[in-house]
1. Can you list, largest first and rounded to whole Å, the semi-axes you get for region A:61-100 by taking the square root of 5 times each eigenvalue of its Cα gyration tensor?
2. Listing B:406, A:145 from the residue with the fewest other Cβ atoms within 10 Å to the one with the most, what is the order?
3. Using only the Cα atoms of region A:82-150, build the gyration tensor, take square roots of its eigenvalues as a ≥ b ≥ c, and label the shape rounded, prolate or oblate: rounded if a/c is under 1.5, else prolate if a/b is larger than b/c, else oblate.
4. Rounded to the nearest 0.05, what FRET efficiency do residue B:31 and residue B:273 give with R0 = 35 Å and r taken as the Cβ-Cβ distance? Could you check?
5. 7 Å from Cα along Cα→Cβ at both residue B:341 and residue A:248: what's the point-to-point distance in nm?
6. Given a Förster distance of 51 angstrom, what is the FRET efficiency for residue B:126 paired with residue B:371, based on the Cβ-Cβ distance and rounded to 0.05?
7. How far apart, in nm, are two points set 7 Å out from the Cα along the Cα-to-Cβ line at residue A:139 and at residue A:276?
8. Kirkwood Rh, region B:333-447, all Cα pairs: how many Å?
């Protein structure tokens, strides 16, 4: 059982964005930037992958940020400070490759993807890199983790689709502006919606900037057993849970990945509607 | 043995066979000749004293029968259901030379179920504590047997499980209709009653490494029984289309996550109408029969050799046939065909014929050129085997793995790896095999670990191999 020590609601409107500070000493001690956990929000519930947004080995805590987009995340969001999450397993996946790059490291986070990119920015900075972060959201109220990213980076650039905060436009515009403006980029890391990752990788490709995309695919066990998370990278099938979650963004078949992510849309909708009306396991929380 | 009507059971997840009644068990047990040199016991990977437990049945002393089995096998309710007895104990039965062999597996199941019907299993007296700590990594059949053996020798045992439920393949792989999960839970509960600790949601290699378990957490010995769970795919075009599932994914969704109850369970599964399962082993049979139960109109086994060569248990093949599974034998998939939305709509196959026997002793399938045809299919489930998960190899640099990722051990009797104090057995050493062979390896390792904890002796993995035995002169 994993106790929720703090709960913060970043976005109160639905679908809400919620952050938990969770007591998980063994996971916190082992966690490295880029890794994720599998969470079961309620006994009998789904196993859902969530990237770790922060960890504190001394305090024995990890931070998890999620948006209530489906029944399982809605269930998770109902838990309050002092309650427990029945199952959290990890840290899973390979850690981000951290080194001192020749040129700035650009961390690109889109929407809720800003949270999981936070430990990567932190680790890249600690390794002596000049870290520039580009944070994107549809509008100002959806911008999360800005203060923490300012601490974890040397420079932060902000874009919103509607121009309600920072520069109007997409993260790709800011990234292109940075490169064309003469900034030497040693490596880029991107986490966010698949379409945003796809186009971010397209920006860096002609410049041959090594770009790592952290993929969030459908998973069941998260430990290499089911293969549900598979993705084609450079023509080869890879498992996101054990070979990833980060891959060479220029080699990922994003279109196939997006099609695979849509596999359970009708079921997800059915479960969400039932949850909203208080049926299924939603009754138990 | 009585079983549910094939048409009825093909639509539910309840047990196919309902087990012997007491009268049936009595009649069957009396067929045993009580051989002085029991060849059946030799055929059993864990050496169950078979004549002894069958004699106890004839005396109606079922408690004595269970106790006899449990001396060497703590999982009789499981093994009585899923062991390939026809290839093991029953294949060696003397009665079987002229008639049907004694149904040892069914008798084993009968006494295990009798024990379950009596309420909680009696807990043997606690042995004297040795003060030694053993970590058992993986709670499949091998891990459970090993843990049970060691706790009874007085060692402290902690079992580590990556998933949220203990049981390994017994809970995620084998369907409810063949092995009810309540039975596995009962065995796990029994181990906990004996004093074993269980840590679920604990991924050894990630949450803690093997090295950390030994150096920091002070475990005196480690048993690795993590299985070989990484699914193999067919390496044909279209394999990542929507509607292609590894057998592990399909079975895990349904068994461990109870997706057949969706939306009352949270994990979904697709109820496809035309399903092709590629492969011919027990996992393939479990998958195809699950597809039927989820409402498939056509559920096919696509297998590149003939009916004779199917590696699955005969009983499972017959059950599948009775339930309506269609066998496309001498057929191999070459391509998965998708529609414009990325979903499977067909499976292109080629006909095969059998040539000369290959290294495995089975006749090698050869493609009939130009015999390609397309099956109308909306789901494809490769059940063609599994390999070693790389998690432990990536995080245990001071232990030797072979080229295919399996752990190198001294020999099957000891299970000693190249890292002192670490033992391994089951599929992670041999490659994918059966529940009972994993249980056998767990028992052997249990004995070896117990010995190591008393004498501390190890082997030198770098020593030159002993000279080959010289054939005796004629």
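We did not get these values from a lab; they are worked out from the coordinates using the rules stated. Predicted model, so just to flag it, every value in this text is computed and none were measured. Methodologically, a virtual Cβ is constructed for each residue, glycine included, from the backbone with ideal geometry; neighbour enumeration extends over all protein chains shown.
1. 26, 13, 10
2. Placing the least packed residue first, the sequence is B:406, A:145.
3. Judged from the Cα gyration tensor, region A:82-150 comes out oblate (a/c at least 1.5, b/c at or above a/b).
4. Efficiency at R0 = 35 Å is approximately 0.20.
5. Going by the 7 Å Cα→Cβ label model, 3.4 nm.
6. In this case the efficiency is close to 0.20.
7. If labels sit at residue A:139 and residue A:276, their model points lie 1.9 nm apart.
8. After inverting the pairwise mean of 1/r, the radius is 17.8 Å.
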